[in-house]
DNA sequence: GCCGTTTTCGGCCCGACTGTTTTCAGTCG
């Protein structure tokens, strides 16, 4: 429902922009779309008062939201649709082609969708239009070719590795004194569109030359004296900006926050008599620069504490920063153990001992082995659990002073909400993760009943990868999150934040809703081989996006404290 | 269309790059 409403407002804004509507109304509608999309609760659970409390939602918008929920559309949107030929909007999805040009093409050439645009380009009809030219035609042709290929966002782990190797190459040069990645990657989003890099050094032009000439660069769509865009061989777009050293902080601020966060911060600056840009914070009265070298200086001069990058989405962090009440987010260094991993006993690749040694090397003080010991992965004899217990005991004997291996299971939640292992086994292990692995497609009510029932089982400690989403291939399962979170609270069940880059589940908005219910979290890697154990930082990043603190994280507890939580007393 | 420690009316963020122009509009982030 929320998505449907958000999309209606997005479309309304797009269509009004094409038709040349009031630009402030357009901005207002876009904000509503963003706000609704970020909402963790379903709109249908909100009364009028809740609705009006949403930022950017007034009387007129509230009634439009109700209209969409009731009828699936709104009169204003239908009006806009009638005014703009279908297909024009899809044209503006093409990078480099905005509403003005789309409309121009429509009026001049009768082009009203991407297919017709393609034809017009091939016939070289664009270059004849006043205001366009040969180059524009070529650029749009290239954009169209790329558009037909892939336009997917890159998973965060892939983007991180590309970014880190680029940073390494740039750092290796004398030309570069400082370089960092920012943008959605720094904010820890699960997928990244473009990579944003920021550098400083004595000779900006030379840095640009270095950057556009890096071996992994396949093309250079734009290159100026302080800003360049390249396309890597993998098809990833990378932007690099170069600023002076005393601008690095304001530039980092500028390129790290989401657009919404930055607009908010700049509005606050204006109200206080300042102007904020990537070059610094300036007092309007005399153009005096008051901050710029560090992010803390910039936020500090505005009377704010500095929100950690993953919080900078304009989801309420600005208000907290103004009051100096930002939460202290969980950090990777706070994590003492990992509570979800697999070995050869099920679908993992290696032994308990090897997993323990790698975890130890990463500084973990405990590791739970949570194999699927039910029949759906492999068939097991009843004493498999004892065999594994023996192996774990031996590893603990060997490494016990450095790391403690716990024995757990990841048990499948059947369609009816029953667990796929007998109570005798569930009782005998240190911890139980209950997860759904099949039959995601039940209707929401059945799904909710299924999950609630599983959480009522007294042995269940953690709800594993709760929504079951698989980025790029499977949507989150539909169930009533508020009901499930309430049941988790009643039954002492902890929510997993799964670090697998294809899952990152729970996700940020759901985490924030879970926190409202007072739930605790376990940030786990769900490792199937030793290499997976270092994914923890991805899960921590998602936790930070959900504003999770250390006291809310059970695997930041020392072993004693953790054991106490696992006994559910 | 929303919103208020300068406002209930009059504002609403900022700058780089490109292409096509002779000073700027369009697009993007």
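Would you check which residues across the stretch A:213-244 are more than 9 Å from DNA strand B (Cβ to nearest atom), more than 18 Å from residue A:146 (Cβ to Cβ) and surrounded by fewer than 19 Cβ atoms within 10 Å (Cβ to Cβ) and list them? Hits for the stretch A:213-244 are A:213, A:214, A:215, A:244. For the stretch A:314-327, state whether one or more residues are touching a strand residue (DSSP E or B) at 6+ places or on another chain (Cβ under 8 Å), touching a residue at least 60 places away in the same chain (Cβ under 8 Å) and within 23 Å of residue A:503 (Cβ to Cβ). Scanning the stretch A:314-327, I find no residue that is touching a strand residue (DSSP E or B) at 6+ places or on another chain (Cβ under 8 Å), touching a residue at least 60 places away in the same chain (Cβ under 8 Å) and within 23 Å of residue A:503 (Cβ to Cβ), so the answer is no. Can residue A:254 be described as in contact with a strand residue (DSSP E or B) (Cβ under 9 Å, 6 or more places away or on another chain), in contact (Cβ under 8 Å) with a residue 24 or more places away in the chain and surrounded by fewer than 18 Cβ atoms within 10 Å (Cβ to Cβ)? For residue A:254, the condition - in contact with a strand residue (DSSP E or B) (Cβ under 9 Å, 6 or more places away or on another chain), in contact (Cβ under 8 Å) with a residue 24 or more places away in the chain and surrounded by fewer than 18 Cβ atoms within 10 Å (Cβ to Cβ) - is not met.
Results for (1) closer than 20 Å to residue A:314 by Cβ; (2) at pLDDT 85 or above; (3) within 14 Å of DNA strand B (Cβ to nearest atom), shown as yes or no for each residue.
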{"site": "A:26", "(1), (2), (3)": "yes, yes, yes"}
{"site": "A:30", "(1), (2), (3)": "yes, yes, yes"}
{"site": "A:38", "(1), (2), (3)": "yes, no, no"}
{"site": "A:48", "(1), (2), (3)": "no, yes, yes"}
{"site": "A:60", "(1), (2), (3)": "no, yes, yes"}
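Test residue A:310 against the stated conditions and say whether it is within 26 Å of residue A:254 (Cβ to Cβ), part of a helix (DSSP H, G or I), within 22 Å of the chain's Cα centre (by Cα) and in contact (Cβ under 8 Å) with a residue 40 or more places away in the chain. Yes: the conditions hold for residue A:310. Entry remark, the stretch A:198-210: residues being within 12 Å of DNA strand B (Cβ to nearest atom) and touching a helix residue (DSSP H, G or I) at 6+ places or on another chain (Cβ under 7 Å) number 1 in total.
The criterion of at least 2 residues that are in contact with a strand residue (DSSP E or B) (Cβ under 8 Å, 6 or more places away or on another chain), crowded, with 16+ Cβ neighbours inside 10 Å and not assigned by TED's automatic domain parsing to the domain that holds residue A:219 is met by the following helices (runs of 4 or more DSSP H) wholly inside the stretch A:34-139: A:99-109. The helices (runs of 4 or more DSSP H) located wholly in the stretch A:466-554 that include 1 or more residues which are modelled with pLDDT of 95 or more and within 20 Å of residue A:450 (Cα to Cα) occupy A:481-491, A:508-516.
Evaluation of residue A:267 against the conditions (1) surrounded by 15 or more Cβ atoms within 10 Å (Cβ to Cβ); (2) near DNA strand B (Cβ under 9 Å from one of its atoms) shows that the sole unmet condition is (1). Of all the residues in the stretch A:335-362, those that are farther than 25 Å from residue A:434 by Cα and touching a strand residue (DSSP E or B) at 6+ places or on another chain (Cβ under 7 Å) number 0.
The values are calculated or read from the model by the stated rules, or taken from the named source; none is laboratory data. Quick caveat, the model's predicted, so the values are computed rather than measured. Don't worry about glycine lacking a Cβ; one is built from the backbone with ideal geometry, like all the others, and counts go over all protein chains shown.
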